[in-house]
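Input: a single structure, listed below in structure tokens.
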């Protein structure tokens with residue numbers, strides 16, 4: 001199995017449990033948006049909070065030049081550590097939501 005396919009499989013395995021989150025006191029559900037061709041992996045949260053429509057990105061990952069870029073992470077514990085626990089090297093994970101000058105202090109790749 002090549003590295004790209006391995007990373008795609010790990011990402012889907014790590015993200016899928018987020019589809020089953022039950023939110024208390026709010027009618028929101030998470031939906032997957034996985035695009036293997038363009039290496040885009042998102043979990044979208046959508047529903048209703050009282051009379052207000054809610055639509056947000058929970059997680060957005062991209063594979064760019066063999067590295068996983070975390071573009072959005074609105075999880076409690078952080079998706080990066082879950083990816084590492086699943087077998088992806090921290091040297092192949094970039095916290096894209098941090099500005100470039102901060103990335104060298106994160107313990108993950110800089111680019």
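All of the numbers you see were taken from the coordinates with simple rules; none came from a lab. Please read all numbers here as calculations on a predicted model, not as lab measurements. Neighbour counts are summed over all protein chains in view; Cβ atoms, including those assigned to glycine, are modelled from backbone coordinates with ideal geometry.
Could you tell me how many degrees, from 0 to 90 and to the nearest 10, lie between the Cα long axis of helix 3-15 and the main elongation axis, the longest principal axis, of the Cα atoms of the chain? It works out to around 30 degrees. Taking all pairs of distinct Cα atoms, average 1/r, flip it, and tell me the Kirkwood hydrodynamic radius of region 1-44 in Å to one decimal place. Result for region 1-44, one decimal place: 11.6 Å. Between residue 34 and residue 97, the modelled label-to-label distance comes to 2.1 nm, taking each label 7 Å out from Cα in the direction of the beta carbon. Any number yet on Rg/Rh for the chain, C-alpha, Kirkwood? Ratio of gyration radius to Kirkwood radius for the chain: 1.00. The orientation-averaged projection of the convex hull spanning the C-alpha atoms of region 51-111 amounts to 5.1 square nanometres.
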